[in-house]
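Structure first, then comments.
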Amino acid sequence: MPKTQSGLQYAVRESSRAKRVIIKVRPSSGLEVVVPSGFPQERLPEILDKRAEWISAQQKKFQALKRALRPKRIALTAIGQTWTVQYIEKPGKHVSIEERDDMTLILRGQVDDLKLVVKALNDWLHKQARSRLAKQLSELSNELSVPFNKLTVRRQKTLWGSCSAKKNINLNRNLLFLPSTMVRYVLIHELCHIQQLNHSKEFWSLLEKRVKNSRSMSAKAKQAGSNVPVWAKA
(Lines give C-alpha, C1' and ligand atoms only; values in the text may rest on other atoms or scores of the structure.)
Protein backbone atom coordinates (compact mmCIF):
# COMPACT_ATOMS: atom_id res chain seq x y z
CA MET A 1 0.00 0.00 0.00
CA PRO A 2 1.57 3.35 -1.04
CA LYS A 3 2.50 6.06 1.48
CA THR A 4 2.75 9.84 1.29
CA GLN A 5 5.37 12.08 2.91
CA SER A 6 2.90 12.51 5.78
CA GLY A 7 2.94 8.74 6.33
CA LEU A 8 -0.59 8.26 5.05
CA GLN A 9 -1.30 4.77 3.73
CA TYR A 10 -3.80 4.55 0.91
CA ALA A 11 -5.24 2.24 -1.72
CA VAL A 12 -5.85 3.36 -5.30
CA ARG A 13 -8.79 2.40 -7.48
CA GLU A 14 -9.21 3.46 -11.09
CA SER A 15 -12.70 4.26 -12.32
CA SER A 16 -13.85 5.07 -15.84
CA ARG A 17 -16.69 7.07 -14.29
CA ALA A 18 -14.47 9.30 -12.16
CA LYS A 19 -13.95 12.82 -13.52
CA ARG A 20 -11.49 13.84 -10.82
CA VAL A 21 -9.51 12.44 -7.90
CA ILE A 22 -11.85 11.41 -5.07
CA ILE A 23 -10.54 10.77 -1.56
CA LYS A 24 -12.61 8.40 0.58
CA VAL A 25 -12.04 7.75 4.27
CA ARG A 26 -13.97 4.69 5.42
CA PRO A 27 -14.29 3.18 8.91
CA SER A 28 -13.54 -0.34 7.69
CA SER A 29 -11.33 -0.06 4.62
CA GLY A 30 -9.25 2.97 5.55
CA LEU A 31 -8.11 5.53 2.98
CA GLU A 32 -9.06 4.93 -0.63
CA VAL A 33 -8.27 7.18 -3.58
CA VAL A 34 -10.43 6.88 -6.70
CA VAL A 35 -8.77 8.22 -9.85
CA PRO A 36 -9.94 8.59 -13.46
CA SER A 37 -8.61 6.00 -15.88
CA GLY A 38 -5.09 6.89 -16.98
CA PHE A 39 -4.53 9.45 -14.21
CA PRO A 40 -0.78 9.80 -13.41
CA GLN A 41 -0.61 8.23 -9.96
CA GLU A 42 2.78 9.78 -9.17
CA ARG A 43 0.82 12.98 -8.46
CA LEU A 44 -1.19 11.37 -5.66
CA PRO A 45 1.30 11.80 -2.78
CA GLU A 46 1.37 15.56 -3.33
CA ILE A 47 -2.44 15.74 -3.56
CA LEU A 48 -2.87 13.71 -0.38
CA ASP A 49 -0.25 15.70 1.53
CA LYS A 50 -2.25 18.85 0.79
CA ARG A 51 -5.38 17.18 2.19
CA ALA A 52 -3.57 15.56 5.14
CA GLU A 53 -5.28 17.72 7.79
CA TRP A 54 -8.77 16.96 6.45
CA ILE A 55 -7.95 13.25 6.14
CA SER A 56 -6.67 13.15 9.73
CA ALA A 57 -9.86 14.80 11.01
CA GLN A 58 -12.00 12.29 9.11
CA GLN A 59 -9.99 9.36 10.41
CA LYS A 60 -10.39 10.56 14.02
CA LYS A 61 -14.11 10.95 13.49
CA PHE A 62 -14.44 7.44 12.10
CA GLN A 63 -12.27 5.98 14.88
CA ALA A 64 -14.65 7.51 17.43
CA LEU A 65 -17.63 6.17 15.47
CA LYS A 66 -16.06 2.72 15.31
CA ARG A 67 -15.57 2.71 19.10
CA ALA A 68 -19.20 3.70 19.56
CA LEU A 69 -20.55 1.09 17.14
CA ARG A 70 -18.23 -1.70 18.33
CA PRO A 71 -18.59 -1.48 22.12
CA LYS A 72 -16.25 -3.33 24.44
CA ARG A 73 -18.85 -3.36 27.21
CA ILE A 74 -22.65 -3.43 27.22
CA ALA A 75 -24.40 -2.45 30.44
CA LEU A 76 -28.03 -3.59 30.61
CA THR A 77 -28.75 -1.48 33.67
CA ALA A 78 -32.41 -2.50 33.95
CA ILE A 79 -31.53 -6.12 34.65
CA GLY A 80 -28.17 -5.58 36.37
CA GLN A 81 -26.04 -7.16 33.66
CA THR A 82 -22.74 -5.98 32.19
CA TRP A 83 -21.36 -7.87 29.21
CA THR A 84 -17.79 -7.83 27.94
CA VAL A 85 -17.65 -7.91 24.13
CA GLN A 86 -14.92 -9.57 22.06
CA TYR A 87 -14.56 -9.48 18.28
CA ILE A 88 -13.02 -12.32 16.26
CA GLU A 89 -12.44 -11.87 12.53
CA LYS A 90 -13.50 -14.88 10.42
CA PRO A 91 -14.24 -15.33 6.70
CA GLY A 92 -17.86 -14.98 5.71
CA LYS A 93 -20.60 -12.45 5.10
CA HIS A 94 -22.24 -12.53 8.52
CA VAL A 95 -21.54 -11.84 12.17
CA SER A 96 -22.66 -14.35 14.80
CA ILE A 97 -22.93 -13.90 18.56
CA GLU A 98 -22.13 -16.39 21.29
CA GLU A 99 -23.08 -15.82 24.93
CA ARG A 100 -20.73 -17.26 27.52
CA ASP A 101 -21.43 -17.99 31.16
CA ASP A 102 -18.83 -15.42 32.26
CA MET A 103 -20.96 -12.61 30.76
CA THR A 104 -18.86 -12.39 27.60
CA LEU A 105 -20.29 -11.88 24.14
CA ILE A 106 -18.17 -13.28 21.31
CA LEU A 107 -18.84 -11.78 17.88
CA ARG A 108 -17.38 -13.79 15.00
CA GLY A 109 -17.31 -13.04 11.29
CA GLN A 110 -16.84 -9.81 9.36
CA VAL A 111 -16.40 -7.79 12.54
CA ASP A 112 -14.79 -4.87 10.69
CA ASP A 113 -18.09 -4.31 8.89
CA LEU A 114 -19.86 -1.92 11.26
CA LYS A 115 -23.28 -2.50 9.69
CA LEU A 116 -23.04 -6.24 10.31
CA VAL A 117 -21.80 -5.72 13.88
CA VAL A 118 -24.58 -3.25 14.69
CA LYS A 119 -27.21 -5.59 13.22
CA ALA A 120 -25.92 -8.54 15.24
CA LEU A 121 -25.84 -6.52 18.47
CA ASN A 122 -29.34 -5.14 17.88
CA ASP A 123 -30.75 -8.60 17.12
CA TRP A 124 -29.21 -9.88 20.35
CA LEU A 125 -30.55 -6.92 22.33
CA HIS A 126 -34.03 -7.42 20.91
CA LYS A 127 -34.11 -11.04 22.06
CA GLN A 128 -32.96 -10.01 25.53
CA ALA A 129 -35.63 -7.33 25.75
CA ARG A 130 -38.43 -9.51 24.46
CA SER A 131 -37.70 -12.13 27.13
CA ARG A 132 -36.95 -9.84 30.07
CA LEU A 133 -39.64 -7.21 29.51
CA ALA A 134 -42.33 -9.83 28.86
CA LYS A 135 -41.53 -11.51 32.18
CA GLN A 136 -41.53 -8.26 34.14
CA LEU A 137 -44.74 -6.99 32.54
CA SER A 138 -46.52 -10.27 33.30
CA GLU A 139 -45.38 -10.14 36.92
CA LEU A 140 -46.61 -6.56 37.34
CA SER A 141 -49.87 -7.38 35.57
CA ASN A 142 -50.51 -10.14 38.11
CA GLU A 143 -49.36 -8.00 41.03
CA LEU A 144 -51.73 -5.16 40.12
CA SER A 145 -54.53 -7.43 38.83
CA VAL A 146 -54.53 -5.55 35.54
CA PRO A 147 -54.56 -8.01 32.60
CA PHE A 148 -53.36 -6.99 29.16
CA ASN A 149 -53.95 -8.60 25.78
CA LYS A 150 -50.65 -8.72 23.91
CA LEU A 151 -47.11 -7.38 24.27
CA THR A 152 -44.99 -6.17 21.36
CA VAL A 153 -41.35 -5.16 21.83
CA ARG A 154 -40.05 -2.64 19.32
CA ARG A 155 -37.27 -0.12 18.79
CA GLN A 156 -39.28 3.05 19.12
CA LYS A 157 -37.57 6.40 18.53
CA THR A 158 -39.57 8.67 20.84
CA LEU A 159 -41.68 6.48 23.13
CA TRP A 160 -40.71 4.11 25.94
CA GLY A 161 -44.11 2.47 25.74
CA SER A 162 -47.69 2.75 24.53
CA CYS A 163 -51.06 1.08 25.07
CA SER A 164 -53.96 0.63 22.64
CA ALA A 165 -57.70 0.47 23.15
CA LYS A 166 -57.43 -3.28 22.52
CA LYS A 167 -55.24 -3.57 25.64
CA ASN A 168 -52.14 -4.25 23.59
CA ILE A 169 -48.92 -2.88 25.05
CA ASN A 170 -45.85 -1.82 23.08
CA LEU A 171 -42.52 -1.48 24.87
CA ASN A 172 -39.25 -0.02 23.64
CA ARG A 173 -36.50 -2.62 23.80
CA ASN A 174 -34.00 0.13 24.78
CA LEU A 175 -35.67 0.20 28.20
CA LEU A 176 -32.96 -2.32 29.14
CA PHE A 177 -30.47 0.58 29.34
CA LEU A 178 -32.54 2.47 31.92
CA PRO A 179 -32.49 2.12 35.73
CA SER A 180 -34.78 -0.64 36.96
CA THR A 181 -36.97 1.83 38.89
CA MET A 182 -37.63 3.78 35.71
CA VAL A 183 -38.46 0.62 33.76
CA ARG A 184 -40.90 -0.41 36.45
CA TYR A 185 -42.50 3.04 36.22
CA VAL A 186 -42.91 2.78 32.42
CA LEU A 187 -44.49 -0.66 32.64
CA ILE A 188 -46.93 0.38 35.37
CA HIS A 189 -47.69 3.55 33.40
CA GLU A 190 -48.80 1.45 30.42
CA LEU A 191 -50.80 -0.95 32.60
CA CYS A 192 -52.63 2.04 34.06
CA HIS A 193 -53.61 3.06 30.53
CA ILE A 194 -55.58 -0.17 30.27
CA GLN A 195 -57.88 1.29 32.92
CA GLN A 196 -57.55 4.93 31.84
CA LEU A 197 -56.65 5.31 28.16
CA ASN A 198 -55.72 8.97 28.52
CA HIS A 199 -53.64 11.34 30.63
CA SER A 200 -56.52 12.72 32.64
CA LYS A 201 -56.48 13.60 36.35
CA GLU A 202 -57.99 10.19 36.98
CA PHE A 203 -55.09 8.51 35.17
CA TRP A 204 -52.41 10.38 37.15
CA SER A 205 -54.26 9.72 40.39
CA LEU A 206 -54.36 6.00 39.61
CA LEU A 207 -50.67 5.98 38.62
CA GLU A 208 -49.63 7.91 41.73
CA LYS A 209 -51.21 5.26 43.94
CA ARG A 210 -48.92 2.69 42.33
CA VAL A 211 -45.80 4.79 41.75
CA LYS A 212 -44.98 7.61 44.15
CA ASN A 213 -43.81 10.87 42.54
CA SER A 214 -45.04 9.59 39.19
CA ARG A 215 -45.00 12.99 37.49
CA SER A 216 -41.38 13.51 38.48
CA MET A 217 -40.54 10.04 37.19
CA SER A 218 -42.36 10.83 33.94
CA ALA A 219 -40.19 13.93 33.43
CA LYS A 220 -37.02 11.93 34.09
CA ALA A 221 -38.09 9.22 31.65
CA LYS A 222 -38.49 11.80 28.89
CA GLN A 223 -34.82 12.77 29.37
CA ALA A 224 -33.50 9.21 29.63
CA GLY A 225 -32.65 8.74 25.98
CA SER A 226 -29.03 9.65 26.72
CA ASN A 227 -28.72 6.30 28.52
CA VAL A 228 -29.04 4.45 25.21
CA PRO A 229 -25.71 3.80 23.41
CA VAL A 230 -25.18 4.91 19.82
CA TRP A 231 -25.21 1.40 18.36
CA ALA A 232 -28.65 0.68 19.86
CA LYS A 233 -30.06 3.78 18.12
CA ALA A 234 -28.50 2.98 14.74
Exercise. If you go through the stretch 151-185 one residue at a time, how many are aliphatic (A, V, I, L, M) and open to solvent by 40 Å² or more (accessible area, probe 1.4 Å)?
Worked result: 3
For this session: Starting from the stretch 214-225, take each residue that is touching a residue at least 12 places away in the same chain (Cβ under 8 Å) and list its partners that are in a helix (DSSP H, G or I) and open to solvent by 40 Å² or more (accessible area, probe 1.4 Å), counting only C-beta distances under 6 angstrom and pairs at least six apart or across chains.
Result: Ser214/Glu208
Exercise. Which of the residues belonging to the stretch 78-104 are of a type in the set (Lys, Arg) and either touching a Lys or Arg at 6+ places or on another chain (Cβ under 6 Å) or modelled with pLDDT of 95 or more (or both)?
Worked result: Lys90, Arg100
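Each row is one residue, and each column tells you yes or no for (1) within 26 Å of Lys222 (Cβ to Cβ); (2) aliphatic (A, V, I, L, M).
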residue	(1), (2)
Gln110	no, no
Val117	no, yes
Trp124	no, no
Arg154	yes, no
Arg173	yes, no
Leu178	yes, yes
Val183	yes, yes
Asn198	yes, no
Problem set entry | Criterion (over 26 Å from Ser131 (Cα atoms), among the acidic types (Asp, Glu), at pLDDT below 90 and surrounded by fewer than 15 Cβ atoms within 10 Å (Cβ to Cβ)) met by exactly one of Glu53, Glu42 | Glu53
Exercise. Quick one: is Phe148 over 20 Å from Trp231 (Cα atoms) and in contact with a His (Cβ under 8 Å, 6 or more places away or on another chain)?
Worked result: no
Seminar exercise, completed: Just one listed residue, out of Ala75, Ala68, is in contact with a helix residue (DSSP H, G or I) (Cβ under 6 Å, 6 or more places away or on another chain) and among the small types (Gly, Ala, Ser), and it is Ala68
Exercise. Does the stretch 9-22 hold any residues that are over 30 Å from Ala68 (Cα atoms) and open to solvent by less than 70 Å² (accessible area, probe 1.4 Å), and which are they?
Worked result: Ser15, Ala18, Val21
Exercise. How many residues are open to solvent by 70 Å² or more (accessible area, probe 1.4 Å) and closer than 21 Å to Ala165 by Cβ if we restrict to the stretch 121-150?
Worked result: 4
Exercise. Hey, among the residues in the stretch 70-86 that are touching a strand residue (DSSP E or B) at 6+ places or on another chain (Cβ under 8 Å) and open to solvent by 20 Å² or more (accessible area, probe 1.4 Å), which one's farthest from Val118 (Cα to Cα)?
Worked result: Gln81
For this session: Those residues that are of a type outside the set (D, E, K, R) and open to solvent by 40 Å² or more (accessible area, probe 1.4 Å), I need them from the stretch 23-38; list them, please.
Result: Pro27, Ser28, Ser29, Ser37, Gly38
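The values are calculated or read from the model by the stated rules, or taken from the named source; none is laboratory data. Only a predicted model underlies this, so the values are computations on that prediction, with no experimental measurement involved. Every residue, glycine as well, gets a Cβ built from its backbone with ideal geometry; the counts of neighbours run over all protein chains shown. Note: areas computed on protein heavy atoms with side chains; ligands, DNA, RNA excluded. Shrake-Rupley method; radii C 1.70, N 1.55, O 1.52, S 1.80 Å.
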